[in-house]
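Derivation of every value follows stated rules applied to the coordinates shown; laboratory data play no part. As the structure is a prediction and not an experimental result, all values here were calculated from the model. Positions of Cβ are backbone-derived with ideal geometry, glycine not excepted, and every protein chain shown enters the neighbour counts.
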Amino acid sequence: MLVELYRRFAGDYPKFFKMDTLCRLGFIAAEILLKGQTSQCEKEQMSIILANRSASIKNDTDYLATISEGNYYPSPSLFVYTLPNIVTGEIAIRHHIQGETSFYILESPEQLEPIIKSYFSSPLKGGPRGALTGWCECSKPNDFYAKMQIIYGTTD
């Protein structure tokens with residue numbers, strides 16, 4: 001399903017096929033959401049704040065399976081995706097987003113709301129102009145969920 005969505009909405013980023021499922025999910029969700037963004041300036045000044053409950057457990061399990069007795073050389077191509085924040089980097093690279101990127105491990109999507117509010121109200125940040133935020137969950141190969149939004153200005 002993610003490959004079909006990629007071909008429909010992106011289709012021009014071959015690195016997609018090297019990504020793990022969490023990155024593919026976040027990449028496609030961001031692609032669909034940011035498709036209407038015409039101003040590169042807006043994107044450059046955005047930040048990315050994502051979260052989920054399971055971190056990168058699906059890829060961690062796949063990576064662990066490459067280590068067995070007698071085989072102490074696990075897959076380097078899987079290792080790269082054993083951190084959940086890689087999805088924020090993939091999105092930032094694709095869309096030239098130069099703001100901060102963060103990935104939180106939380107119990108529920110509702111716990112992300114105060115983090116976003118705090119982010120926009122922090123005097124140290126100088127008032128971010130916008131953020132791609134949301135929940136990006138992938139705990140099993142065919143069990144995933146993404147809900148993202150773009151927030152502009154403040155959340156007050």
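Which loop-located trypsin sites (Lys or Arg not before Pro) does segment 13-106 contain, where loop means any DSSP state but H, G, I, E or B and the Cβ has at most 16 other Cβ atoms within 10 Å? Hits after loop and neighbour filter: LYS35, ARG53. Taken about its Cα centre, segment 2-152 carries a charge dipole of about 380 debye when Lys and Arg each add +1 at the Cβ and Asp and Glu each add -1 at the Cβ.
Result for the chain in a Gaussian network model with C-alpha springs under 10 Å: among GLY70, GLY11, GLY99, the largest mean-square fluctuation is at GLY70.
Neighbours of GLY11 by Cβ distance under 11 Å: Lys/Arg scored +1, Asp/Glu scored -1, total -1. Largest GNM mean-square fluctuation across ALA55, ALA131, ALA65, computed for the chain with C-alpha springs under 10 Å, falls on ALA65.
Build a GNM of the chain with springs between Cα atoms under 10 Å apart, and of PHE79, PHE120, PHE27 the one that fluctuates most is PHE79.
Under the √(5λ) rule applied to the eigenvalues of the Cα gyration tensor, what semi-axes describe the equivalent ellipsoid of the chain? Give them in Å, descending.
Three semi-axes, in Å: 28, 18, 14.
Restricting to bridges with both residues inside the chain, how much of the DSSP beta-bridge set is antiparallel, in percent to the nearest 5?
50
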